Amino acid sequence: MSHITGITRGGAQWVPAFVVSLDWNRCIGCGRCYKVCPRDVFELVDREDLELDDLDDDDGFSDDTSMVMSVKDLLDCIGCQACSRVCPKGCLSHAPHALAA
């Protein structure tokens, strides 16, 4: 199955890699991905509202890091990967997407 492809302005073929997941356990809620995203894919949510199974009592976060980024709309991602380039913790995973039949 072939992936979604695009063409750059210079005529080169480009395969976008779309956001597939965000690791809440690594996210520090800095908002860099939110600020750089041209499509409103992310939103800031309260860390307490999420079910973070892998965290123990000493999670390394102080009370002032109570916010974390969440994926608001995966389907609006254009696959530019700008969010991953600015994320200081490497929280985001991307992958090409197959063409719909």
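The values are calculated or read from the model by the stated rules, or taken from the named source; none is laboratory data. Here the structure is a predicted model, which means the values were calculated and not measured. Heads up, the Cβs are rebuilt from the backbone with ideal geometry, glycines too, and the neighbour counts pull from every protein chain shown.
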Pair list, Cβ under 7 Å, 6 or more apart: the range 75-101 residue of a type in the set (Ser, Thr, Tyr) and assigned to a loop (DSSP other than H, G, I, E, B), other residue exposed (fewer than 15 other Cβ atoms within 10 Å of the Cβ) and at pLDDT 95 or above: none
Residues that are closer than 15 Å to residue 75 by Cβ and either aliphatic (A, V, I, L, M) or in a strand (DSSP E or B) (or both), drawn from the range 23-46: 41, 42, 43
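Please find, within the range 63-96, the residue that is farthest from residue 34 (Cα to Cα) out of those that are acidic (Asp, Glu) and surrounded by fewer than 13 Cβ atoms within 10 Å (Cβ to Cβ).
Applying the first criterion (acidic (Asp, Glu)) to the range 63-96 yields 63-64, 73, 76.
The next check asks that each one be surrounded by fewer than 13 Cβ atoms within 10 Å (Cβ to Cβ); those that pass are 63-64, 73.
Values: 63: 21, 64: 19, 73: 12 Å.
Restricting to residues being acidic (Asp, Glu) and surrounded by fewer than 13 Cβ atoms within 10 Å (Cβ to Cβ), the top hit is 63.
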From the list 45, 68, exactly one residue is touching a Gly at 6+ places or on another chain (Cβ under 7 Å) and at pLDDT below 95. Which is it? 68
Return yes when residue 29 is farther than 22 Å from residue 91 by Cβ, surrounded by 10 or more Cβ atoms within 10 Å (Cβ to Cβ) and at pLDDT 90 or above and no when it is not. no
